[in-house]
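Inspection log for the structure reproduced underneath, given as structure tokens.
The values are calculated or read from the model by the stated rules, or taken from the named source; none is laboratory data. Since we're looking at a predicted model, the values are computed, not measured. Counting neighbours? That spans all protein chains shown, and the Cβs are built from the backbone with ideal geometry, glycine included.
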Amino acid sequence: MREFMQTERKGRSSVGSVLLGGPTTIQLERRVEAGFPAERFDQIVELITQRTHRRGQRRMDEESLVWENSSDVESMGVTVVAGAEETRIHLFARYGGMAAFIFFAAFFTVLFLTAAFGGFVLSIRSVAGGLKLLPVGLILSYLASRAFWRAFARRREGELSELMEAVAQLVAGEDVEGEDSDGHPA
């Protein structure tokens, strides 16, 4: 089994991903050296629904399955193209809206806490004193926001890698971890 994993395009990080501290788009691709009958695509859909807790829309034909789910803050999709001897699996997730929400929520929360700390604990009462604290607040807010987003992105990358592994195991005819031989949760 060969695996190709890439974050963003061709392994490069976008400027936004670098500034945020983690990827806003995750793409995983795998080739499984086994055919997979189209009659069993429903099993893949069940597995995706079970692992992601999302229903999603699906399109199937004799050779491929496309499963997609979108909301205001994220979109996700799985494409399975089954040949006689090889099956390709492509998984993507886009978190642009969620990244903006998490990043700015953390940024302004820490900025507010810095201002409160300066006002109440340090008793800064002048505009000049507040302006001295502003760069510290901005830097702390930015660093905290990056840390929050990085942790979230890493967790999502792990979850998506587990989903990819489970779909690849199902395609290869192996038992999927966490399920019995009939494909039901163990």
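From the list 137, 118, 129, which residue is over 26 Å from residue 163 (Cα atoms), without any contact (Cβ under 8 Å) to a residue 24 or more places away in the chain, crowded, with 16+ Cβ neighbours inside 10 Å and not acidic (Asp, Glu)? Only one candidate passes the filter, namely 118. Of all residues in region 62-114, how many are part of a strand (DSSP E or B) and either closer than 26 Å to residue 137 by Cβ or of a type in the set (A, V, I, L, M) (or both)? Of the residues in that region, 10 qualify.
Here residue 119 passes the criteria (1) closer than 30 Å to residue 58 by Cα; (2) at pLDDT below 85 except the one numbered (1). Of the listed requirements (1) surrounded by 14 or more Cβ atoms within 10 Å (Cβ to Cβ); (2) assigned to a helix (DSSP H, G or I); (3) modelled with pLDDT under 90; (4) among the hydrophobic types (A, V, I, L, M, F, W, C), residue 124 misses just one: (2). When you scan region 94-108, do you find a residue that is surrounded by 15 or more Cβ atoms within 10 Å (Cβ to Cβ), over 30 Å from residue 45 (Cα atoms) and among the aliphatic types (A, V, I, L, M), even just one? So far as region 94-108 goes, yes, one or more of its residues are surrounded by 15 or more Cβ atoms within 10 Å (Cβ to Cβ), over 30 Å from residue 45 (Cα atoms) and among the aliphatic types (A, V, I, L, M).
Quick check on my filter: what residues within region 44-75 are surrounded by 15 or more Cβ atoms within 10 Å (Cβ to Cβ) and touching a Phe, Trp or Tyr at 6+ places or on another chain (Cβ under 7 Å)? 45, 48, 56, 58, 60, 65, 74, listed by residue number.
What are the residues in region 71-110 that are of a type in the set (Ser, Thr, Tyr) and either farther than 20 Å from residue 153 by Cβ or in contact with a His (Cβ under 8 Å, 6 or more places away or on another chain) (or both), if any?
Within region 71-110, 79, 87 meet the criteria.
The set of residues in region 77-115 being among the aliphatic types (A, V, I, L, M), under 23 Å from residue 151 (Cα atoms) and in contact (Cβ under 8 Å) with a residue 60 or more places away in the chain consists of 91, 93, 99. Of everything listed in (1) in contact (Cβ under 8 Å) with a residue 12 or more places away in the chain; (2) within 24 Å of residue 24 (Cβ to Cβ); (3) not in a strand (DSSP E or B), the single unmet condition for residue 47 is (2).
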